[in-house]
Amino acid sequence: MFELSPHGTDVHVGTGPRYPWGGLYGGQIVAQALRAATLSVDDGLEPHSIRAYFIRRGDHTEPIRYEVDRIRNGRSFATRRVVARQAIGAILNAESSFQRPEPAALVQTLSMPEVPMPSMLEQSSWTTTFDRASVPAERVFGGSRDGAGRVVAWMRVNDDLGDPSVASAQLMHRCWLTYLSDDLPTESVIRAHPISAERDVRPTDPGTADDDDDHDDLFCASLDHAIWFHRPLRADRWHLHDFACHHYVGGRGLSIGHVFGEDGVHVATVAQEVLVRDVRDRAASGGDYGPDR
């Protein structure tokens with residue numbers, strides 16, 4: 001999924017399959033950008049955050065060229081910028097930060113909500129690469145969150161990714177978590193959108209991933225995506241993803257999510273701004289929403 005071929009100094013080429021909704025999945029492009037960045041840092045440095053902007057919709061029929069810029073190399077931290085390009089131009093711009101592990105206090109201020117285990121829930125996923133068990137709102141207790149449109153689901157990768165204590169394997173676990181983290185943010189914004197109060201509106205596909213799509217009367221597209229990795233993790237084991245929309249203005253909804261291991265440990269935080277437009281507003285004015293947003 002994240003295999004890249006070298007094409008010169010700090011340049012790598014990857015591919016992506018066509019997904020059910022057409023085009024590329026943004027979570028994969030962000031994960032491949034993270035993978036490309038790691039190929040340019042010294043051993044011992046671990047990715048602790050990535051911030052990406054979706055620029056254009058990707059084309060699954062073309063390879064993706066990842067160009068890495070070595071912004072900074074320090075004793076404890078390193079910074080990389082990666083631009084993903086196709087024939088149309090840049091489709092994603094991402095910056096990643098890496099840190100050399102150091103001893104420090106461990107403080108967790110968030111608690112995981114009380115929810116049924118995955119085996120007690122109906123499991124569904126739009127791909128064979130990971131499992132997802134959505135938690136109905138009425139079965140989520142505690143762990144109160146700010147915001148609206150809360151979406152909670154267990155997720156895990158289907159393949160064995162290896163011993164997470166091994167640096168190379170831990171990198172793949174973090175790449176896979178990056179992939180998974182793009183699945184729920186749009187749904188939380190849609191649930192918080194006023195149109196959801198009119199009728200039950202749910203996305204028929206992930207609705208993320210630099211993917212412009214209409215969900216009934218809604219036009220949706222991911223604008224950016226950020227992840228902070230707090231602790232080592234194992235993406236091939238169940239993790240609870242807990243998202244809510246914290247703001248909606250100017251057509252942009254901010255979705256913030258927290259990822260917990262089965263033991264309740266908070267392993268990552270995710271933020272994504274999603275463009276969600278009511279197409280009826282533009283239709284009434286004689287306009288249109290196209291791929292250029």
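A few comments on the model shown:
- Within the accessible area of the chain (1.4 Å probe), percent carbon and sulfur: 48 percent
- Intensity falloff of region 15-147 expressed as log10 I(q)/I(0), Debye formula with alpha-carbon point scatterers, at q = 0.09 Å⁻¹: -0.42
- Ordered by 1.4 Å accessible area with all protein chains kept, 225, 48 run largest first as 48, 225.
- Solvent-accessible surface (1.4 Å probe) assigned to residue 46 amounts to roughly 70 Å².
- Computed E for residue 75/residue 117 - FRET, C-beta separation, R0 51 angstrom, nearest 0.05: 0.75
- Applying both filters, DSSP loop and at most 10 other Cβ atoms within 10 Å, to the trypsin sites (Lys or Arg not before Pro) of region 62-158 gives 75.
- Rounded to the nearest 10 Å², the accessible area of residue 168 at probe 1.4 Å: 80 Å²
- The residues of the chain present an accessible area of 45 Å² per residue when probed at 1.4 Å with all protein chains retained.
- When the inverse distances between all different Cα atoms of region 82-139 are averaged and flipped, the Kirkwood radius reads 16.8 angstrom.
- Ordering 228, 154 by accessible surface, largest first, gives 228, 154; the 1.4 Å probe counts only protein heavy atoms, with every chain in place.
- Area of residue 3 that stays accessible when all protein chains are in place (1.4 Å probe, Å², to 10): 150 Å²
- Measure of compaction for region 132-187 (Cα Rg per 2.2 N^0.38 Å): 1.41
- Distance (nanometres) between label positions extended 7 Å along Cα→Cβ at residue 265 and residue 62: 4.2 nm
- Positive dipole terminus of region 123-180, leading residue within 147, 162, 125 (C-beta point charges): 147
- Relative contact order of the chain: 18 percent, from C-alpha pairs under 8 Å at least 6 residues apart in sequence.
- Charges were assigned to the Cβ only: +1 to each Lys and Arg, -1 to each Asp and Glu. The resulting dipole of the chain about its Cα centre is roughly 680 debye.
- Among [x] 54, 41, 35; [y] 54, 46, 32; [z] 55, 53, 37, the entry that matches Cα extents along the principal axes in Å as calculated here: [y]
The values are calculated or read from the model by the stated rules, or taken from the named source; none is laboratory data. Since the model is a prediction, treat every value here as computed from it, not as a measurement. In this analysis, Cβ positions are derived from the backbone assuming ideal geometry, glycine residues included, and neighbour counts consider all displayed protein chains. In case anyone asks, the SASA skips ligands and DNA or RNA and just uses the protein heavy atoms, side chains included. Shrake-Rupley method; radii C 1.70, N 1.55, O 1.52, S 1.80 Å.
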